[in-house]
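A short worksheet on the structure shown next.
What follows draws every value from the coordinates through simple rules; no lab data is involved. Computed from a predicted structure; not experimentally measured. Please note: Cβ atoms are built from the backbone with ideal geometry, for glycine as well, and neighbour counts cover all protein chains shown.
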Amino acid sequence: MKFIAMLCALPGLFALQYATAQDNRLSLSNNRPAAGQTITFTYNPEGSPLTGKDAIAAEIYYMGKGTAVEDIDMKREGTGWIGKIQIPADTKAFFFKFYKGTEKDKNDQKGFIWPVYKDGKPVSGAYAAEATFYGSLGNYYTGIKKDTSEVIKMYEKEFALYPENENSYKLSYYRYLILTKRPGVDQQIEQEIALLLKSNNERDLMKVQSYFALLNKRSQSDSMTTVIKNKFPDGALVMNDATLAFYKEKDVEKKQRLYDAYTKKYTAEQSARGLIGIDDMKLMLASAYVQGGMYSQFDVYAGQITDKKRLAPMLNSVAYEMAQKGTDLVKAEQLSKQALDMADNDRKNLTQNKPQAYTLTAWNKAANQTYRIYADTYAFILYKQGKYQEALAYQKPVYEISKGPEVSEHYALIVAALGSNREAMDIFETLVKTGKGSKDVRSELKNEYVKVKGSDAGYDEYLAALTEQATAKNREAIAKQAINEPAPIFTIKDLDGKTIALQDLKGKVVIVDFWATWCGPCKASLPAMQMAVNKYKNNPGVVFLFIDTWETDADFITGVKKFVADNKYNDMQVLIDEKGSDGRQSKVVSAYKVSGIPTKFVIDKDGNIRFKVIGFAGSADALVDEVSSMVDIAATPYVAKAKAVAELK
């Protein structure tokens, strides 16, 4: 498909449009900035949420091979600010972020973005980079709303100025045209398919597969997949199948055999173009071996990984799990110390180790936070081995900065072991009365109570008072999160094929939990949700619906049934999301505008969403308490937030 040829003859017009398109709050010393240039900019926040703010911060994002970000030093000049940037050689476009705390200048949802120029016109890929900005990156980094019409406009400018780039971006372009339901787009895609079907190139035929999916022609898309695999037995799709099989395999010996077969067939260069690279596979093998206690095999693959820093999260996670179980503590200490040393190196060499996706300020914060997480793990392992003084040396600095539930619990355990029973009791008490105390914390609180008081006399009354404070505080905090929006209705089937309609459940409080079998946080939260189901199993006015969504396997229903049976979640009412307009298992989850899972909705008796909970913080008791409070509040008529909080007080 070709675009309006007359636009190609007017590069000067493009430049003029860009010289005047930006809001008058931001101006550049050169409105046609080129790669390698140092550009001075002036920013005036007047008329924005940052009006009158002191110490405004700024970041610059360079879009080229990936997105690199840097802090910008600005100086105050009158009511505005002045700063300088130097544009890297491979930059296609760049955008600014101006903010103070959580407040941002979104420039009336347009953002502040510029293309990079060469020979008086935007460089190849500049407009496509802007399309990405309006489609995703602008929203993610600067908070502006996604703008589908602007995405389409930018792609069309790219194709008009650089027709040779159509093949690189056309699939993404058509996705946005489908979203807008532009008349004739289906016919355009069908024409594109007809042309591509004449090709003997696997990548072209893979585009055909994607185009069929865009048109919601799943059977044709699946058939095309089969054709491609048969025609290219050593191609990308077959290679991707091999990596997926390796990724999903749990048995370490089978995983090893799959790896051996894969590396005999594909080079590291070929693998780099697939779903995961050979280095990723080595990391997964190392993880599988260390979790299985096969340390010599772990050492082999850990030693082959090119970027050793990628080992750190896995080492910390495995070491902590070993500490929780109380197994192989000497090895756990060794693994944890390796991760901690890597994190320590990152925070001591910030500039040298900074990833391009971080500003130096953000990387400083992230590197130090990672160090504290790993130090907490290491101190916990030392505590488990009875090395209390050494554990305190690592844990105390962490606790002084971050008094989260887990850090606080570990610190209290250490000081209690060293004889500071009153200090430990106070920390455990704070956790319980703020609603962050697990069963283990309550058990430790009782131990310290007895040591401090000399007996358990009065403990039950003491704990009841703390629990009452926690419940009241929790309900007050949750009441502030209340919303009141109509819940999208749906009719889907459960695992037995029985049809469930949300509208049939009016008069009941309904908890809808979106999850998937591949989603780690989802699976981690399900035991807590099972506890919640058990709590309300004799209450006919409360219904839990667990909607499985976004699965990727062809026969995913079998996998879901197996997962439910293996984990004994038979009391959970599991429903299966249906195919959405994007061809995926996404109909209901899309209607609820879910961007990540697990996500839970609490729907009141009138069919209105009262609460939305995203993710899982890790505490089963806290999640059950949270869901319980939401159910209780949703069972009452909706009142404005301020009034609801006042009533709770």
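Amide hydrogen proximity for Ile500: with H placed 1.01 Å from N in the peptide plane, the residues at 5 or more positions away or on another chain lying under 5 Å are Ile492, Lys493, Asp494.
Quarter the surface of the alpha carbon convex hull of region 82-152 and you get the mean projected area, 5.7 square nanometres. Amide H to amide H distances under 5 Å link Phe544 with Ile511, where only residues 5 or more positions off or on other chains count and H is placed in the peptide plane.
Dimensions of region 30-101 from C-alpha coordinates, computed as largest minus smallest value along each principal axis and given longest first, are 36, 24, 19 Å.
Shown is the FRET efficiency for Glu156 and Tyr247, computed with R0 = 35 Å from the Cβ-Cβ distance and rounded to the nearest 0.05: 0.40. Percent of Cα pairs in the chain per distance bin of 10 Å, from zero to the largest separation: 3, 11, 18, 24, 25, 15, 5, 1, 0, 0. Our coupling estimate for region 288-301, obtained by passing each phi through the Karplus curve with A = 6.51, B = -1.76, C = 1.60 and θ = phi - 60°, is 4, 5, 5, 5, x, x, 9, 6, 5, 5, 4, 4, 4, 7 Hz, Gly and Pro reported as x.
Hull surface divided by four, with the convex hull built on the Cα atoms of region 524-582: how many nm²? Intermediate results must be reported in sequence, preceding the final value.
Numbers: hull surface 20.1 nm².
Its Cα hull, projected and averaged over all orientations, spans 5.0 nm².
Take peptides 55-63, 140-148 and line them up by average Cβ neighbours within 10 Å, highest first, as a rough protection proxy. Mind showing how you got there, number by number?
Numbers: 55-63: 19.3, 140-148: 16.7.
Packing order, densest peptide first, comes out as 55-63, 140-148.
Charges were assigned to the Cβ only: +1 to each Lys and Arg, -1 to each Asp and Glu. The resulting dipole of the chain about its Cα centre is roughly 720 debye. In this structure, the amide hydrogen of Gly607, modeled 1.01 Å from its nitrogen in the peptide plane, lies closer than 5 angstrom to those of Gly507, counting only residues at least 5 positions away or on a different chain. Here region 479-527 and region 222-301 have alpha carbon centers that stand 35 Å from each other.
When the Kirkwood radius is taken over all Cα pairs of region 485-648, what Stokes-Einstein diffusion coefficient follows at 4 °C and 1.567 mPa s, in µm²/s? Please list the in-between numbers first.
Working: Rh = 16.2 Å.
Answer, rounded: 80 µm²/s.
Running Debye on region 5-180 with equal point scatterers at the Cα sites and no solvent, what base-10 log of I(q)/I(0) appears at q = 0.16 Å⁻¹? With no solvent term, the Cα-only Debye profile gives -0.95. Between Val452 and Ala34, the contour length at 0.36 nm per residue exceeds the Cα-Cα span by 143.4 nm. Couplings 3J(HN,Hα) of region 181-188, computed from phi: 6, 4, x, x, 5, 4, 5, 4 Hz, in residue order, whole Hz [Karplus 6.51 cos²θ - 1.76 cosθ + 1.60, θ = phi - 60°; x for Gly and Pro]. Electrostatic bookkeeping for Val450 treats Lys and Arg as +1 and Asp and Glu as -1; over the other residues with beta carbon under 14 Å from its beta carbon, the sum is 0.
Under a point-charge model restricted to the Cβ atoms of Lys and Arg (+1) and Asp and Glu (-1), what is the dipole moment magnitude of region 485-648 relative to its Cα centre, in debye to the nearest 20? Spell out each step's value before the answer.
Details: 20 positive and 21 negative charges, 44 e Å.
Charge dipole, region 485-648, about its Cα centre: 220 debye, nearest 20.
Using θ = phi - 60° in the Karplus curve 6.51 cos²θ - 1.76 cosθ + 1.60, the 3J(HN,Hα) couplings for region 69-84 round to 10, 9, 6, 10, 7, 10, 10, 6, 9, x, 8, x, 9, 10, x, 10 Hz; x is entered for Gly and Pro.
Return the calculated 222 nm mean residue ellipticity for the chain, to the nearest 500 deg cm²/dmol, obtained by summing -39500 (n - 2.57) across DSSP H runs with n ≥ 4 and dividing by the residue count. Write down the numbers at each step before the final one.
Values: 26 runs with 337 residues, N = 649.
When only DSSP H runs of four or more count, the value is -16500 deg cm²/dmol.
Here the Kirkwood formula, the inverse mean of 1/r across different C-alpha pairs, assigns region 279-386 a hydrodynamic radius of 14.3 Å.
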